[in-house]
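What follows is a short report on a single structure.
Values quoted throughout were computed directly from the atomic coordinates according to the rules given, and no laboratory measurement underlies them. Here the structure is a predicted model, which means the values were calculated and not measured. Neighbour counts run over all protein chains shown; Cβ positions are idealised from the backbone, glycine included.
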Amino acid sequence: MKIRFALPFVAALMTPALAFAADSYGSDEPASALDTVLTSPIMPKLGDFIPMILAVGVLVFVLGKFVWPPIMKALDEREEKIEGSLKSAEEAKIEAEEILAQYEAKLDEGRREAAVLVEEGRKAGDTARDEIVARAQAEAAAITSKAQADADAKEKAVAAALQKQTASLAVSIASKILGEKLGAEDQARAEELAKIGG
């Protein structure tokens with residue numbers, strides 16, 4: 001930090017030497033140092049030079065004591081603030097990456113659960129379909145069996161009615177052929193014979 005304050009002072013002290021070198025560089029004849037100092041429009045007189053050096057020294061001291069410390073303090077505070085902001089940003093980035101990793105893990109878990117639910121739903125649908133088909137087949141078989149039983153019963157009823165009519169018709173034909181009416185006993189026997197014959 002002291003080097004920063006000393007640089008302007010050293011530059012101020014080197015200015016006359018540079019002026020001497022620049023002035024003597026342009027001429028072909030060697031000039032004495034006293035002639036150069038007395039005739040140079042850039043170089044002040046030695047009596048003016050010492051107060052200027054003291055003024056520059058005082059200026060550097062005042063700047064170093066009162067101006068540079070607040071500026072350096074503000075710059076240091078700004079640097080600390082920037083470093084703190086960078087550190088906070090890095091921490092926020094790390095936290096965001098962790099949250100993103102957790103989110104992705106939860107998303108993958110949700111996808112796996114959804115796949116399991118879809119598979120379970122498909123299996124449940126297949127099972128329900130198989131049960132419905134089996135129930136429908138059982139109901140169709142029951143309906144078919146009932147219809148067959150009804151048809152058999154109707155067929156038997158029709159056959160019995162037909163036999164009864166056939167027997168009655170046979171008795172009627174026989175009585176016409178014989179010309180006489182059969183009695184109830186003969187009619188019953190004739191019906192039995194017709195049943196046996198049918």
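Remarks
- Summed over all non-identical Cα pairs, the Kirkwood treatment of segment 62-167 gives a radius of 23.3 Å.
- Segment 115-171: GluC sites (Glu not before Pro) in DSSP loop, at most 10 other beta carbons within 10 Å: none
- Using alpha carbons only, the radius of gyration of segment 43-124 set against its Kirkwood radius gives Rg/Rh = 1.74.
- Note on Ile42 and Glu95: the model spin-label points, each 7 Å out from Cα along the C-beta direction, lie 6.0 nm apart.
- Calculated from backbone phi, Karplus (6.51, -1.76, 1.60) coupling profile of segment 67-79 in Hz, x at Gly/Pro: 9, 5, x, x, 5, 5, 5, 5, 5, 5, 5, 4, 5
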